[in-house]
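J.: Structure provided below as C-alpha cells; questions to follow.
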Amino acid sequence: MNAVVTTDLDQLKSWLDELQIAYYECDSCQALHLPHLQYISGIFDAKIDILEEVLVFTAIAELKPSAIVPLMANLSQINASSLFIKTFLEISDENLPKLVFCQSFPAAAGISLNQFDLFLQKAEEQSAEVISEIFNNGFLYGEKQESENEDEEDVEITSASTDSSYTVH
C-alpha cells in the first residue's frame with residue numbers, strides 16, 4: 001500500500017504492525033513508544049506522535065550532570081552535522097539532564113507507508129550515530145560507571161576534557 005493518506009495514531013499503529021515494529025501506548029501520553037530503540041545503548045525512551053499535523057519522532061538519553069557544559073558547548077555542532085535529527089538539552093532540578101533528539105515530518109498533505117518507513121529508518125540511524133558520539137565521550141548516565149569506579153583519575157581527565165569531535169553524518 002503506497003497511497004498517500006492523512007495520518008492519525010490509528011494509521012500509525014496499522015503501519016507499525018505492517019512493518020512489524022513493536023510499540024505500546026502509555027497512560028501518561030498519547031504517543032506510540034518504540035521499545036526496540038531502547039536497545040540502542042543510551043536511549044532511555046523513544047516515541048512517535050502526531051502534533052498539529054506533524055509527525056514527530058522523539059528519543060531521550062539520560063546524561064551525567066558533568067556532561068551539561070561540554071554538550072552545551074557542542075550542541076550547535078551536533079545539530080549542524082545531522083541532516084534530520086535535532087538535539088537539545090532538557091535540564092530540571094528533579095531529574096538527571098537529558099539529551100532529546102527530535103525529527104519531524106509535515107504530514108498535513110499526507111504521507112505514504114514508504115515515507116513513514118524511511119522516516120523511522122533515518123530517525124533510528126541518526127539517533128544511533130549521535131548517541132554513539134555521546135557514549136564515546138563518556139557523557140551518558142549509567143555507562144562506563146564500572147571503569148569510573150576503578151580509576152577516578154581517568155574520570156577527572158575525561159570529564160575535564162571539552163575537546164570532543166562530533167563527526168555525525
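Coordinate-derived values only; no laboratory data. What you see is a predicted model, and the numbers here were worked out from it, not measured in a lab. When we count neighbours, we look across all protein chains shown, and the Cβ atoms used for this are built from the backbone with ideal geometry, even at glycine.
J.: Any idea what diffusion coefficient the stretch 9-160 gets from Stokes-Einstein, in µm²/s, Kirkwood Rh on alpha carbon pairs, 37 °C, 0.692 mPa s? If you can, show how the numbers build up before the last one.
T.: On the way: Rh = 16.6 Å.
Answer, rounded: 198 µm²/s.
J.: Once the piece of chain linking residue 29 and residue 135 is laid out straight, how much longer is it, given 0.36 nm per residue of separation minus the C-alpha distance between them?
T.: Details: separation 106, 0.36 × 106 = 38.16 nm, distance 2.82 nm.
In short, 35.3 nm is gained.
J.: Turning to a different aspect of this structure: Using a simple spin-label model with points 7 Å from Cα along the Cα→Cβ vector, what separation in nm is obtained for residue 17 and residue 115?
T.: Once both label points are built, they end up 2.3 nm from each other.
J.: State the answer as a single residue: which of 28, 63, 12 lies farthest towards the positive end of the charge dipole of the stretch 9-160, with beta carbon charges of +1 for Lys and Arg and -1 for Asp and Glu, about the Cα centre.
T.: Looking along the dipole axis, the top candidate is 12.
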